Amino acid sequence: MTQTPQPRRARAEIDLGALRANVRALRARVAPHVQVMAVVKADAYGHGAVRCARAALEAGATWLGTATPHEALALRAAGLTEARIMCWLWTPGDPWAEGIEAGLDMSVSGMWALEEVVEAARLTGRRARIQLKADTGLGRNGCQPADWPELVTAALEAEAQGLVKITGLWSHLACADEPGHPSIAGQLDVFRTMLDHAEKAGVEPEVRHIANSPATLTLPEAHFDLVRPGIALYGVSPDPAVGTSAELGLRPVMSLKGSVALVKHVPGGHGVSYGHHYTTPGETTLGLIPLGYADGVPRHASGRGPVLVGDRIRTVAGRVAMDQFVVDLGGDTPEPGSEAVLFGPGDRGEPTAQDWAEAADTIAYEIVTRIGARVPRVYVGE
C-alpha cells in the first residue's frame, strides 16, 4: 500500500492514542457515577474536532461540549448522531430550531435566551433540551443569583407546557487553576445554594456540573454528576501550579513540526529579520523555518521561542514573520529538509507547548489553539 507522504513545510501531528489515554486517565480521577464531557470547542483546541470527538467517545467520554451551536451542529453533520452534545455560547438569533432538531443540550443564561428557545420549540413542535447556567462568580455568561428565581420559575413553566426539558444545572469556575484560591470555595457555596433553590422549586436535572480541567484534576468536591475537561484532554496542564503534564498523568497530543528550508553562512554583525532586533554575534549559520504567525507561531515569542533542530534547542533569532522565522544554528549545517520541532511531548528533549507559552507570555491553551488552518493535521495512533 502506498503511504501518503508527510507534509514537509509544516504539520501538526495529532496523537489520538495519547488523547484516548488522557480520557481514560481523567475518567479514573472521578467517581464511577460521574460522567465525562469531552470539550471539543474551537476545533478541539486546534486538534481537529471530529477526529478528537470520536476518539474521546471511544475512550469513555459520554458527552461532547462545544461553545457555539455551529460547532455542535457540525459534529452532528459529521455523523456524531448519538452522543449527547452541549453547547453554551448563544447569541440572539442563533439557530435554536436547528439545535432542537439536532437534539442538542442548549445552555440558557437569561430570560431572552429562554424566550427564544421556547419560541423555537413552538415552531418545531419538539421539546427543547436546555441547561440553566448559574453565574456563581466568574462574571461572564450565566444567570446572576438575584435573577435565578425568575429564570427557574419561567423554565419550569415552559417545561410544564411540554416546550422544554431542563436537563442540567451548571456553572464555571474562575480560578480553579490557582489551587487554594478563596474564590473556589465561594463559588461552590453559591452553586450549591442555586442548585438547592432550583431543585426545591421542582427542577430534576440529569446532570449538575461546574468542573473544568483543573477542577477535574484537583477538586473532587466539584465533580458533582459530570466533569468538563478541555485542555487536559489534549495532554496539556492547565497551569504549572496544578502540575506538569507528566505529573498529572497526561500526554500532550499535538506536536508541531516543520522543515529547515534553507541553511546559509553569514558573517558577524548580520541583521536577521524585520527591524534587525537580532544581529549575529559572529560568523555563524542561519536556518530558515517556514512557519510564521499566519500559522499560529506567536510573534510575541520573537527572540525567545525554542526549536529543536538536530539534537540542540535553538532560539528564534529576531522577529517571527508572517510565514517564516530564523534560528541561529551556531555554525551547524543541517541539510535542508531536516526536521525542526517547535513543540511536542518533550520525550526527545523538544520544547513543549508550555515552553512556548512562557516564551510568549501567554498560556499553553493559546499555543495549541492558535495553530492555523494552513498547517495540515496528521493523525497518528488510530
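The values are calculated or read from the model by the stated rules, or taken from the named source; none is laboratory data. Computed from a predicted structure; not experimentally measured. Please note: Cβ atoms are built from the backbone with ideal geometry, for glycine as well, and neighbour counts cover all protein chains shown. The protein model used for the area step is the full one, side chains on, heavy atoms only, and it has no ligands, DNA or RNA in it. Shrake-Rupley method; radii C 1.70, N 1.55, O 1.52, S 1.80 Å.
Quick notes
- Annotation: of all residues in the range 141-168 being touching a residue at least 40 places away in the same chain (Cβ under 8 Å) and either assigned to a strand (DSSP E or B) or on the phi > 0 side of the Ramachandran plot (or both), the one that is surrounded by the fewest Cβ atoms within 10 Å (Cβ to Cβ) is Thr167.
- Scanning the range 285-308 for residues that are buried (at least 22 other Cβ atoms within 10 Å of the Cβ) and in a helix (DSSP H, G or I) yields Asp295, Ala301.
- Hits in the range 77-118 - residues which are open to solvent by 10 Å² or more (accessible area, probe 1.4 Å), more than 19 Å from Cys143 (Cβ to Cβ), out of contact with any Leu (no Cβ under 8 Å at 6 or more places or on another chain) and at pLDDT 95 or above: Ala77, Ala78, Gly79, Thr81, Gly93, Glu101, Gly103
- Pairing each residue of the range 306-328 that is among the polar types (S, T, N, Q) with any residue that is part of a strand (DSSP E or B), provided the two are 6+ apart or on different chains, yields C-beta distances under 7 Å for Thr315/Pro306; Thr315/Val327; Gln324/Leu288; Gln324/Ile289.
- Of the numbered criteria (1) assigned to a loop (DSSP other than H, G, I, E, B); (2) under 22 Å from Tyr234 (Cα atoms); (3) of a type in the set (D, E, K, R), the one Arg8 fails is (2).
- Flag for Gly258 being of a type in the set (Gly, Ala, Ser) and within 29 Å of the chain's Cα centre (by Cα): yes
- The residue of the range 24-41 that is nearest to the chain's Cα centre (by Cα), among those that are more than 24 Å from Thr167 (Cα to Cα) and among the aliphatic types (A, V, I, L, M), is Ala25.
- The residue that is most open to solvent (accessible area, probe 1.4 Å), counting only those in the range 1-60 that are of a type in the set (Asp, Glu) and within 30 Å of Met322 (Cβ to Cβ), is Asp43.
- Residue match in the range 329-349 (condition: over 18 Å from the mean Cα position of the chain (by Cα), surrounded by 19 or more Cβ atoms within 10 Å (Cβ to Cβ) and of a type in the set (Asp, Glu)): no
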